[in-house]
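J.: Sharing a structure, written as C-alpha cells. Questions coming.
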Amino acid sequence: AAQKDLQQDTTIRGKGAYREIGESMPNFTLYDQDGKVVDAASFHGKRVLLNFIYTHCPDPRMCPAATLKMIATQKAAREAGITDLQLISITFDPETDTPGVLHSYAAGSGVDTSNFSFVTGPVPAVQNLLKQFGIEAVFEGPLIKHTLSTDRKSTRLNSSHRCISYAVFCFKKK
C-alpha cells in the first residue's frame, strides 16, 4: 500500500514532486541491510538524518565520504547524549544494492547499525523517493552521476515529520 501511495503522490505532484516547507515526509516501505521491512512511520518521534548513496561509488569524495559523515554524526550524537537519532542511507541503485550488499557495505565501513539503516527496495519506490527529495541521479555505464545537494534541496523535518526548511538531510526539529 505504501508503494502505491508513494507512486500516486509522486504522479500527482508531477515534474515538481519535491517536498516543500510544511509538508510531511513521504510514506515509503523499503528493506534494510538485514532484509527487514522499514517504513517511514517507524521513524516518527525520532530525529532522522537521511541521505542517498550507492555502494559501488568509485569517488571517495562522494558516497564513501557521505557515509563517513553519517558515522561521525552518529558518534557525535551518541557523545552528546542524543538517543533518538535514526540515520538512513537509501541506495541510488537498488538493482545492485540488495540487502546483502548493503549489509556487507555497512560491515566493511564499520557502521553501527543499531540506529543507522542502509535501505533498498523496488526501483520505482527509490525513483519516487529521489524525486520527492529533489535528488537527481543518472546512470552512465557503471557509474551514477548524482547531486550531492540539489537546486530545490531536500527537506528538514520536525517531530511530526513536517518540512521546516531545506537541507541535504532530514531532521526532527528539537
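J.: If you find the alpha carbon centre of the range 25-43 and of the range 68-94, how far apart are they in angstrom?
T.: The two parts, judged by their Cα centres, are 16 Å apart.
J.: Checking the table Lys4/Lys145; Lys46/Lys145; Lys4/Lys36 against a 22 Å threshold on Cα-Cα, which pairs fail?
T.: The answer is Lys4/Lys145; Lys46/Lys145.
J.: In the range 25-80, what percent of the accessible surface is made up of carbon and sulfur (1.4 Å probe, ligands and nucleic acids excluded)?
T.: The computed percentage sits at 57.
J.: Let me spell out the model: positive unit charges on the Cβ of Lys and Arg, negative unit charges on the Cβ of Asp and Glu, origin at the Cα centre of the range 50-93. What dipole size does that give, in debye rounded to 20? Could the numbers behind the result be given before it?
T.: Numbers: 4 positive and 4 negative charges, 26 e Å.
Value, rounded to 20: 120 debye.
J.: Oh, and also: Rounded to the nearest 0.05, what FRET efficiency is calculated for Ala76 and Ser114 with R0 set to 22 Å and r the Cβ-Cβ distance?
T.: That pair, Ala76 with Ser114, gives E of 0.90.
The values are calculated or read from the model by the stated rules, or taken from the named source; none is laboratory data. On a predicted model such as this, the values are computed, not experimentally measured, just so you know. Please note: Cβ atoms are built from the backbone with ideal geometry, for glycine as well, and neighbour counts cover all protein chains shown. Just so you know, the surface numbers come from the protein's heavy atoms only, side chains and all, with ligands and any DNA or RNA stripped out. Shrake-Rupley method; radii C 1.70, N 1.55, O 1.52, S 1.80 Å.
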